[in-house]
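Everything on this sheet refers to the single structure shown next.
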Amino acid sequence: MNRKIDSFFVLLTLTGLLFLLFACDSLGTKDSGTSDSMTDSDGNSYNTVTIGTQVWMGANLKTTKFSDGTSIRNVKGGLTWSNLSTPAYCWPDNDSVKYKNVVGALYNWVTVSSGKLCPTGWHVPSKDEFTTLETYLGGYTSGGKLKGTNVNYWGSPLVGATDDTGFSAYSNGLINSAGSFFSPYTERSLLWSSSVDQYGNAFYFQLYFTNTNFDLGTFYGNKTGMGVRCLKN
């Protein structure tokens with residue numbers, strides 16, 4: 001009888017240890033990965049990745065239409081871009097062949113703030129939602145877990161890129177408020193948030209090639225064109 005009881009408690013202990021190991025692993029970033037797929041209004045398909053409690057698109061948005069099917073104006077820079085007060089997008093260096101499928105489109109803030117840019121059921125993440133991502137990954141220097149590892153789409157040296165999460169961020173540069181493209185396009189990945197500061201300046205999220213910092217700022221201004229990574233509602 002005692003042997004049966006001892007065996008039962010050994011089995012119970014082993015089961016508990018296995019449960020704890022599984023639970024601990026589920027709190028790390030290695031549980032992240034492709035969980036599904038989704039499409040935008042142009043019919044472009046994207047993998048999705050689950051990171052903690054959040055489900056993200058696995059690549060930057062490249063749609064040329066709002067979620068209601070309305071076309072977004074393609075503006076190729078210069079004074080036309082700098083004077084815009086209506087929604088617009090462009091491709092980095094106006095080269096869709098080279099950049100569309102790797103880093104997506106660049107959108108002005110009017111487009112982002114419309115609330116119709118991401119597909120139905122998805123939205124442009126807020127500053128707080130980016131902060132939630134940062135906290136889950138381990139803090140301010142956790143950005144390397146989001147950086148894609150293909151060195152062809154980053155500058156050198158590419159520091160700390162592990163892409164543990166499958167987020168696969170690559171450098172997309174920007175078009176500035178004067179309508180000029182920032183070159184080279186290998187230094188930074190820039191993504192709009194949906195939040196603004198007390199002065200109405202929109203926050204963006206930035207990853208830089210020479211560090212693993214998780215930067216949120218408002219420096220570039222709302223007339224800038226940047227990328228968008230949608231988050232599931």
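The values are calculated or read from the model by the stated rules, or taken from the named source; none is laboratory data. From a predicted model like this one, the values you see are computed outputs, not experimental measurements. Note that each Cβ is placed from the backbone with ideal geometry, even for glycine, and that neighbours are counted across all protein chains shown.
If I ask for residues that are among the β-branched types (Val, Ile, Thr) and either within 16 Å of ALA169 (Cβ to Cβ) or at pLDDT below 95 (or both), which ones from the range 121-132 would you list?
Once the filter is applied, which keeps residues that are among the β-branched types (Val, Ile, Thr) and either within 16 Å of ALA169 (Cβ to Cβ) or at pLDDT below 95 (or both), the range 121-132 yields only VAL124.
Among the residues that make up the range 64-86, is at least one of them of a type in the set (Val, Ile, Thr) and outside any loop (DSSP other than H, G, I, E, B)?
yes
For the range 116-159, what are the residues that are over 20 Å from ASN44 (Cβ atoms) and more than 17 Å from the chain's Cα centre (by Cα)?
VAL151, ASN152, GLY155, SER156, PRO157, LEU158, VAL159
Give me a count of the residues in the range 126-169 that are in a helix (DSSP H, G or I), of a type in the set (Phe, Trp, Tyr) and closer than 22 Å to LYS98 by Cα.
The qualifying residues number 1.
Would you mention how many residues in the range 59-97 are touching a helix residue (DSSP H, G or I) at 6+ places or on another chain (Cβ under 7 Å), surrounded by fewer than 19 Cβ atoms within 10 Å (Cβ to Cβ) and β-branched (Val, Ile, Thr)?
Qualifying residue count for the region: 1.
Considering only residues that are β-branched (Val, Ile, Thr) and either modelled with pLDDT under 95 or within 15 Å of GLN206 (Cα to Cα) (or both), which ones fall in the range 133-147?
THR141
Taking the conditions exactly as written (crowded, with 18+ Cβ neighbours inside 10 Å, assigned by TED's automatic domain parsing to the domain that holds ASN47 and in contact with a Gly (Cβ under 7 Å, 6 or more places away or on another chain)), does TYR153 satisfy them or not?
In short, no.
List the strands (runs of 3 or more DSSP E) that sit entirely inside the range 170-229 and contain at least 1 residues that are within 20 Å of GLY58 (Cβ to Cβ). So that I can check it myself, show each step before the final result.
Working: elements: 188-196, 202-208, 215-217.
Answer list for the range 170-229: 188-196, 202-208.
For the range 101-115, give me each residue that is free of Cβ contacts under 8 Å to residues at least 60 places away in the same chain and under 15 Å from the mean Cα position of the chain (by Cα).
Within the range 101-115, ASN101 is the sole residue that qualifies.
Let's see how each residue does on (1) among the aromatic types (Phe, Trp, Tyr); (2) at pLDDT below 95:
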| residue | (1), (2) |
| --- | --- |
| VAL151 | no, yes |
| GLY160 | no, no |
| VAL196 | no, no |
| GLN206 | no, no |
| PHE209 | yes, no |
| LEU216 | no, no |
| GLY221 | no, yes |
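What are the residue pairs meeting all of these: first residue in the range 139-166, first residue within 13 Å of ILE51 (Cβ to Cβ), second residue among the basic types (Lys, Arg) and outside any helix (DSSP H, G or I), Cβ atoms under 9 Å, and 6 or more apart or on different chains?
Sorted first by the residue in the range 139-166, then by its partner, the pairs are ASP163/LYS147.
Out of all the residues in the range 109-126, is one or more closer than 19 Å to ASN222 by Cβ, of a type in the set (A, V, I, L, M, F, W, C) and surrounded by fewer than 18 Cβ atoms within 10 Å (Cβ to Cβ)?
Within the range 109-126 (the criterion being closer than 19 Å to ASN222 by Cβ, of a type in the set (A, V, I, L, M, F, W, C) and surrounded by fewer than 18 Cβ atoms within 10 Å (Cβ to Cβ)), the answer is yes, since at least one residue qualifies.
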